[in-house]
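See below for the structure under consideration.
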Amino acid sequence: MLRLIARRVLVAIPLLLAISVLVFVLLEAMPGDPARNQAGMDATEEEVEAVRRSMGLDRPAYERYFSWLFGALTGDLGRSSVSGLPVAQLLAERSPVTFELVFLAFVISLGIALPVAMLAARKPGGVFDRIVMVGAMTLLAVPNYVLALLLVIVFAVTLRMLPSIGFTPIEMGLWLNLQSVILPTLAMAIPLGCFYARFLRGDLVEQMNSADYVDTARAKGLGPWRILWQHAFRNSSFGLLTIVGLNVGALVGGTVIIEQIFAMPGLGQLMLQGVGARDTAVVQICVFIFAAVAVFANLFVDVMYAVLDPRIRYGGR
């Protein structure tokens, strides 16, 4: 297990470095002059040059990249060229919002998918199964930003049950915090839960209809629920784990749009603002964090494979 983790971490390091280089190159290729944006459109050329020197933009691009990389490795993430605040401070303020959204959306999506898929797979083709499949396909066809607006119209505007924008820190009260994150969390969790439910239901039905071990369990007199939970689900969980690992990156990336819609002060909103202002230090670390979450989520999936089935031998791969 330790060798598996060490190999995956060694693979992740050059991947994350390549992502940081790509982001830096794309930011450099963007049109516009960040020094001019910072100084203001009415600034003189001398003022713009002074801002450019203060931002380090007078140095070669490769020198600025390696300066950022060395600083990041030593704990100095630099300062935002827009607000002037340390990037580490911005991350400390913004990251709890994003990670709370991602965690709750992940838990709710699986909380929806597992029981729904199990109930639908128990009687494939039945009334509940058909309702689930039609509902899942309908909700999957709705983009999360459209679903977010529909949730706002229903629960914030019409029913006035929940706030439509803003975030309340948990320090100000757990219930107020949950009220502020319910709508954005549901906007991310519902489509994902529908996707997981459809995938898991299909795999469970295939296992129940064609797997030899299911016939053996039936011959032993085991009940259908016990076969479904103890045998079919255990094998289907491998495919579900793979899908979950691949979707973590999409879930984290989805916060960029959701945080804008609900005015949530998280990393997604911070990164989007940084892109518009060409705030390289902010954008690079935000993308780096998103990429690291996706990479280490896949590492966690690999470890869970070995936990679920000790017969798997990664050493031979």
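The values are calculated or read from the model by the stated rules, or taken from the named source; none is laboratory data. All figures in this text were calculated on a predicted structure; none of them were measured in a lab. Here Cβ is always computed from backbone atoms with ideal geometry, including for glycine, and neighbour counts include all displayed protein chains.
With a cut-off of at least 3 residues that are closer than 30 Å to residue 198 by Cα and touching a residue at least 24 places away in the same chain (Cβ under 8 Å), name the helices (runs of 4 or more DSSP H) lying wholly within the range 59-167.
Ranges flagged: 87-122, 127-140, 144-151.
When you look at residue 274, is it part of a helix (DSSP H, G or I) and closer than 24 Å to residue 195 by Cα, yes or no?
So residue 274 does not fit the description; no.
Would you mind stating whether residue 74 is surrounded by fewer than 18 Cβ atoms within 10 Å (Cβ to Cβ) and within 25 Å of residue 278 (Cβ to Cβ)? Outline the logic, then answer.
Working: surrounded by fewer than 18 Cβ atoms within 10 Å (Cβ to Cβ): yes; within 25 Å of residue 278 (Cβ to Cβ): yes.
Criteria met by residue 74.
Quick one: which of 243, 190, 258 is in a helix (DSSP H, G or I), touching a residue at least 40 places away in the same chain (Cβ under 8 Å) and touching a Phe, Trp or Tyr at 6+ places or on another chain (Cβ under 7 Å)?
243
Those residues that are under 15 Å from residue 298 (Cβ atoms) and out of contact with any helix residue (DSSP H, G or I) (no Cβ under 6 Å at 6 or more places or on another chain), I need them from the range 209-249; list them, please.
Matches in the range 209-249: 238, 242, 244, 246, 247.
Take residue 217 and decide whether it is more than 30 Å from residue 264 (Cα to Cα), touching a residue at least 24 places away in the same chain (Cβ under 8 Å) and either touching a Gly at 6+ places or on another chain (Cβ under 6 Å) or of a type in the set (Gly, Ala, Ser) (or both). Walk me through it before giving the result.
Details: more than 30 Å from residue 264 (Cα to Cα): yes; touching a residue at least 24 places away in the same chain (Cβ under 8 Å): no; either touching a Gly at 6+ places or on another chain (Cβ under 6 Å) or of a type in the set (Gly, Ala, Ser) (or both): yes.
It is false that residue 217 is more than 30 Å from residue 264 (Cα to Cα), touching a residue at least 24 places away in the same chain (Cβ under 8 Å) and either touching a Gly at 6+ places or on another chain (Cβ under 6 Å) or of a type in the set (Gly, Ala, Ser) (or both).
Would a scan of the range 53-61 turn up a residue that is touching a helix residue (DSSP H, G or I) at 6+ places or on another chain (Cβ under 9 Å) and at pLDDT 85 or above?
Within the range 53-61, none of the residues are touching a helix residue (DSSP H, G or I) at 6+ places or on another chain (Cβ under 9 Å) and at pLDDT 85 or above.
Only one of these is under 30 Å from residue 224 (Cα atoms) and either aliphatic (A, V, I, L, M) or within 22 Å of the chain's Cα centre (by Cα) (or both): 133, 188, 172, 161. Name it. Lay out the reasoning, then the answer.
On the way: 188 fails: under 30 Å from residue 224 (Cα atoms); 172 fails: under 30 Å from residue 224 (Cα atoms); 161 fails: under 30 Å from residue 224 (Cα atoms).
None of the other options fit; the residue is 133.
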